[in-house]
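The values are calculated or read from the model by the stated rules, or taken from the named source; none is laboratory data. Because the structure is a prediction, the values reported are computed rather than measured. Because the Cβ atoms are built from the backbone with ideal geometry, glycine has one as well, and the counts that use them run over all protein chains shown.
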Amino acid sequence: VFDKNNDNFIDREEFTFCWNHWIKIIVRPISAFLIVDVQNDFISGTLNISNCSAQQNGAEVIEPINRLLDTVNFDAVFYSLDWHPSDHISFIDNLHMRELDPSSPLTVETANTYDTVIFSGPTPMKQRLWPRHCVQDTWGSELHQDLKILEKAIKVYKGTNPEVDSYSVFWDNKKLTDTTLCGQLRLKNATDIYICGLAYDVCVGATAVDALAIGYRTILLDDCSRGVDLLDIEKTKTTVIKNNGVIVNSNHVKAMVE
Ligand code: VGL
Ligand code: ZN
């Protein structure tokens, strides 16, 4: 039950009973809506996904997402933001700042945007190179102005460590540190997580895979997501379904939440 006196506390509504030697607990589902990286740079800025191979229009996610925010009473709403420092490891123009591993197939001279290199370190690290994007406190990292922002929502910032990229909204790519999302979902006793946004085959996909690994009932919203590469979008869908996730269009969500 939602406690009006404390925004952060939701008492778990549950029903316990015995069946043979087993104790069974039925809980009321608690829903979280996670809107991933609907930021200017991915829509019309430096990492405009319409310039990528799938040639999708990121702005198309805004209308169905706003409709969900208006019509569905989620228990919690989160907006994630890709939030990089200027010297971030994923920016191709920062490639000269760090050392590549001898096993890297590409060098500073031969690597192009969207290629993957291997940085040196105790454990050599694969990294895809992106155009400079979503730099902290710039126009490119702002949420799109047409996206509806709910008062009660929580913003989650990721990719803030210059040395490691972060596709999932739960953890960075090396799983060194978690974001505030992990704790907030636990605090709210969330059981179900509805995920959508940009980019389908990068941050949305990685977030869904982590949500499933933690054990959340995970629902990917197909019509509220746009991606970089068609083949990778298909791979994302296959992986989510293989891990017992669900992929639906947003018109089904209201009936699932209420
Ligand atoms: C993303 C590429 C680089 C995303 C973030 O939000 O999907 N993609 N950084
Ligand atoms: Zn990024």
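Residues in the stretch 80-95 that are free of Cβ contacts under 8 Å to residues at least 60 places away in the same chain and either touching a strand residue (DSSP E or B) at 6+ places or on another chain (Cβ under 6 Å) or more than 9 Å from ligand 2 (Cβ to nearest atom) (or both): Ser86, Ile92, Asp93, Asn94, Leu95.
Only one of these is assigned to a loop (DSSP other than H, G, I, E, B), out of contact with any Cys (no Cβ under 7 Å at 6 or more places or on another chain) and surrounded by 13 or more Cβ atoms within 10 Å (Cβ to Cβ): Tyr114, Tyr167, Tyr157. Name it. Before you say what the answer is, go through the steps one by one.
On the way: Tyr167 fails: out of contact with any Cys (no Cβ under 7 Å at 6 or more places or on another chain); Tyr157 fails: assigned to a loop (DSSP other than H, G, I, E, B).
On inspection, the qualifying residue turns out to be Tyr114.
Go through Asp178, Asp146, Asp192 for me and flag whichever is over 25 Å from Val72 (Cβ atoms) and of a type in the set (Asp, Glu).
Testing whether each residue is over 25 Å from Val72 (Cβ atoms) and of a type in the set (Asp, Glu) leaves just Asp178.
Here Gln136 meets each of (1) surrounded by fewer than 17 Cβ atoms within 10 Å (Cβ to Cβ); (2) modelled with pLDDT of 95 or more; (3) out of contact with any Phe, Trp or Tyr (no Cβ under 6 Å at 6 or more places or on another chain) with one exception, condition (3).
Checking each residue in the stretch 177-204 for being surrounded by fewer than 20 Cβ atoms within 10 Å (Cβ to Cβ), in contact (Cβ under 8 Å) with a residue 24 or more places away in the chain and of a type in the set (Val, Ile, Thr) picks out Thr180, Thr191.
Before we move on, is Val257 surrounded by 16 or more Cβ atoms within 10 Å (Cβ to Cβ) and farther than 17 Å from Val169 by Cα? Full working, then the answer.
Numbers: surrounded by 16 or more Cβ atoms within 10 Å (Cβ to Cβ): yes; farther than 17 Å from Val169 by Cα: yes.
It is true that Val257 is surrounded by 16 or more Cβ atoms within 10 Å (Cβ to Cβ) and farther than 17 Å from Val169 by Cα.
All of (1) modelled with pLDDT under 85; (2) in a helix (DSSP H, G or I); (3) of a type in the set (S, T, N, Q) hold for Asn5 with one exception: (2). Contact annotation: residue pairs with Cβ atoms under 7 Å, 6 or more positions apart or on different chains, pairing a residue in the stretch 49-76 that is closer than 23 Å to Ile193 by Cβ with a partner that is modelled with pLDDT of 95 or more and loosely packed, with under 13 Cβ neighbours inside 10 Å, are Ile62/Asp146.
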